[in-house]
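The values are calculated or read from the model by the stated rules, or taken from the named source; none is laboratory data. Just so it is clear, the model here is predicted, and its values are computed rather than measured. Note: ideal-geometry Cβ built from the backbone for every residue, glycine included; neighbour counts use all protein chains shown.
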Amino acid sequence: MARYTDAVCKLCRREGIKLFLKGDRCHTTKCAIDKRGYAPGEHGQRRVKRSEYGLQLREKQKMKRIYGVLEGQFRRYFQMATQQRGVTGENLVRLLEQRLDNVVHRLGFAPSRAAARLFTRHGHIQVNGRKVDIPSALVRVGDVVQVRPGSRDLTAVRQALESAKKRPTPPWLELDPEGLKGTVRSLPTREDAALPVEEHLIVALYSK
């Protein structure tokens, strides 16, 4: 499975905003954006006037990094979004929100999407009672996502759930904290995602 393995804090610095790639650390004074709020590299503090293409590219990179997908996979999601009814940009966001690793994170079983991806890969997650170890699997309405019984005493899960109490569960998901499971009540909307991304610029970039 291809994935980004370099330092993630510099990705937030490159985009100029917090992407919350390291979970709770992003809410502390240790956050790289708070310490050095400029792009990494020798010329990071130089002021740059971006072209239209540059703005579109940055929005695409931002969304890719938030959900932890690489270019080929992201492009496939875009193709899927164009084939669905409705607004392409909103379809793209919905598909990314439906990823199993994102759902695991949204339910509070993992502090970040990267942690949720690893947690899923290691076989700690079940969907409708069956183990699913594919982070990119798309959930559907009615699916029940839960922590596998043998993994419920893991310290990482308990810590994540304590941290998750500080943020609300999205309205399209229903969390049962005692049973360590959540139900997909409906498909996510653009408002549910609450992303700092202008997805119409991504559509314009790929439509050229």
query: Of the conditions (1) more than 12 Å from the chain's Cα centre (by Cα); (2) at pLDDT 90 or above; (3) in a loop (DSSP other than H, G, I, E, B), G72 fails just one. Which one is it?
result: (3)
message: Quick test for you: out of L173, L205, pick the one residue that is of a type outside the set (V, I, T), in contact (Cβ under 8 Å) with a residue 24 or more places away in the chain, within 20 Å of V93 (Cα to Cα) and out of contact with any Phe, Trp or Tyr (no Cβ under 9 Å at 6 or more places or on another chain).
response: L173
Residues satisfying the stated conditions in region 97-109, i.e. touching a residue at least 60 places away in the same chain (Cβ under 8 Å) and in contact with a helix residue (DSSP H, G or I) (Cβ under 7 Å, 6 or more places away or on another chain): E97, G108, F109
- request: Among the residues of region 78-118, count how many are within 14 Å of the chain's Cα centre (by Cα) and either surrounded by fewer than 16 Cβ atoms within 10 Å (Cβ to Cβ) or part of a helix (DSSP H, G or I) (or both).
  value: 19
query: Out of all the residues in region 150-164, is one or more closer than 30 Å to T82 by Cα and surrounded by 17 or more Cβ atoms within 10 Å (Cβ to Cβ)?
result: no
query: Where residues in region 120-149 are exposed (fewer than 13 other Cβ atoms within 10 Å of the Cβ) and farther than 15 Å from A110 by Cβ, which of them is nearest to the chain's Cα centre (by Cα)?
result: R140
- prompt: Can you name every residue in region 136-164 that is part of a loop (DSSP other than H, G, I, E, B) and touching a residue at least 40 places away in the same chain (Cβ under 8 Å)?
  reply: S136, V139, R140, V141, G142, D143
message: So, in region 181-198, exactly how many residues are basic (K, R) and not in a strand (DSSP E or B)?
response: 2
